[in-house]
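J.: Handing you a structure now.
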Amino acid sequence: MQEQNFKNHGRMVPGFHYLCGLLILALLIGSIVNLIMTSHDNLYSASLILLIAVIIFILSYYVRAFALKAQDRAIKAEENFRHYLLTGKPMSFDLKMRQIIGLRFASDDEFPALAEKAVADKMDEKEIKQSIVSWKADNYRV
């Protein structure tokens, strides 16, 4: 795996993000077409197929959203603990979740000062990441 930095830190899992997403979209479109073109005798089963496709579509969104929310909570706890270990104080309550997510890539040497700067300058996640000099990889988040 190449060294992680600002330009390459985003990660996509092709099987989930592309293949599964494309297949779910094809299922949804195909079930709509099936419902439109079905005979009266098959209306009930075509409706059920569409309902299943819609449920799978909605579930695929929430499965990802809930996993990211759990990761966000873990990141917040980890970074607050890291800040406490480095400074003896918890992180500022003024830091927003997206800022904390950006700060997780900062090395221990620059983390406390960058956290203060992020609050003072109201930096967004991208600005924080671009300000990091010594990048600390996060190889577990997808």
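J.: Looking only at helices (runs of 4 or more DSSP H) that fall completely inside the range 28-142, which ones have 1 or more residues that are within 24 Å of residue 14 (Cβ to Cβ) and in contact with a helix residue (DSSP H, G or I) (Cβ under 7 Å, 6 or more places away or on another chain)?
T.: Counting at least 1 such residues, we get 43-87, 97-103, 125-131.
J.: Pick from 107, 131, 60: which is surrounded by 15 or more Cβ atoms within 10 Å (Cβ to Cβ), more than 30 Å from residue 31 (Cβ to Cβ) and among the small types (Gly, Ala, Ser)?
T.: 131 is the lone residue from the list that is surrounded by 15 or more Cβ atoms within 10 Å (Cβ to Cβ), more than 30 Å from residue 31 (Cβ to Cβ) and among the small types (Gly, Ala, Ser).
J.: Taking only pairs six or more apart or across chains, which ones have beta-carbon atoms under 9 Å, a first residue in the range 1-16 that is under 27 Å from residue 59 (Cα atoms) and surrounded by 10 or more Cβ atoms within 10 Å (Cβ to Cβ), and a second residue that is modelled with pLDDT of 75 or more and among the acidic types (Asp, Glu)?
T.: Within 9 Å, the pairs are 9/138.
The values are calculated or read from the model by the stated rules, or taken from the named source; none is laboratory data. Please read these numbers as outputs of a predicted model, since none were measured by experiment. Neighbour counts run over all protein chains shown; Cβ positions are idealised from the backbone, glycine included.
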